[in-house]
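Inspection log for the structure reproduced underneath, given as structure tokens.
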Amino acid sequence: MENMAEGYKQLLTPLFFMPELPLIQDFGACPKRVCERVEAASTVLWVDPSSAANRLRSAVEALMDYEGIPRRGFSRGKSYEISLHNRIERFKVAKPEFSEAAELVLAVKWTGNAGSHGSEIRAHDVLDAIEILDRTIQHIYDTSAMGIKKKAEDIIARKGMPASRITQLPVPPF
């Protein structure tokens, strides 16, 4: 609301949305448990941003689970828990094609840690982490770029001729 005659501007901040606003529009082939945790973050984002940040950290844990990065290690006859940070580092080594994605989720992990340990997290901080997580999910699971590349290769192979005009070789009967 603006009242320029009196020289002030009032800004409104939402406290709650029902139903919650989706934080990521299209998960594509995103693992179900990751999606569930992101949706859980959306339910509390405006009421408790720190809790939402923690739920995003949990989404990163679920992502590492899905990618087969173990939660537990074994050394000297004893089992131990592997930190999320170390799991992300192991992901980077195990799947070098996703090293950029691993770097991105470190930021989400740090935001989640801050939310978990009492730091002042704002909704804006969580939205930044969501944007990073969304890009990570796209990088790992979105195959549309490969589909577009395949279409371009097909068009180049046909030299632009419409696919419907290409006559196929007759298939001999069996």
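Being within 22 Å of I132 (Cβ to Cβ), in contact (Cβ under 8 Å) with a residue 40 or more places away in the chain, among the polar types (S, T, N, Q) and buried (at least 16 other Cβ atoms within 10 Å of the Cβ) narrows it down to one residue among N113, N54; which is it? Let's see the steps before the verdict.
On the way: N113 fails: buried (at least 16 other Cβ atoms within 10 Å of the Cβ).
After applying the criteria, what remains is N54.
For (1) aromatic (F, W, Y); (2) over 21 Å from D142 (Cα atoms); (3) in contact (Cβ under 8 Å) with a residue 24 or more places away in the chain; (4) exposed (fewer than 13 other Cβ atoms within 10 Å of the Cβ), each residue gets a yes or a no:
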| position | (1), (2), (3), (4) |
| --- | --- |
| I88 | no, no, yes, no |
| K92 | no, no, no, no |
| F98 | yes, no, yes, no |
| A102 | no, no, no, no |
| H124 | no, yes, no, yes |
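If a residue has to be surrounded by fewer than 19 Cβ atoms within 10 Å (Cβ to Cβ) and in a helix (DSSP H, G or I) to count, how many in the range 63-81 make the cut?
2
Give me the pairs: first residue in the range 135-150 and under 23 Å from V60 (Cα atoms) and modelled with pLDDT of 80 or more, second residue surrounded by fewer than 10 Cβ atoms within 10 Å (Cβ to Cβ) and of a type outside the set (K, R), beta-carbon distance under 6 Å, and six or more apart or on different chains, which are they?
Y141/A29
Quick one: in the range 18-34, of everything that is in a helix (DSSP H, G or I) and touching a residue at least 12 places away in the same chain (Cβ under 8 Å), which residue is nearest to S116 (Cα to Cα)?
Within the range 18-34, the first condition is being in a helix (DSSP H, G or I), and the residues that meet it are 32-34.
Those still in the list that are touching a residue at least 12 places away in the same chain (Cβ under 8 Å) too: 33-34.
Numbers: R33: 20, V34: 18 Å.
If we take residues in the range 18-34 being in a helix (DSSP H, G or I) and touching a residue at least 12 places away in the same chain (Cβ under 8 Å), then V34 is nearest to S116 (Cα to Cα).
Considering S83, S119, which residue is small (G, A, S) and without any contact (Cβ under 8 Å) to a residue 24 or more places away in the chain?
Working: S119 fails: without any contact (Cβ under 8 Å) to a residue 24 or more places away in the chain.
Result of the check over S83, S119: S83.
The values are calculated or read from the model by the stated rules, or taken from the named source; none is laboratory data. Every value quoted in this text rests on a predicted model; they were computed, and no experiment measured them. In this analysis, Cβ positions are derived from the backbone assuming ideal geometry, glycine residues included, and neighbour counts consider all displayed protein chains.
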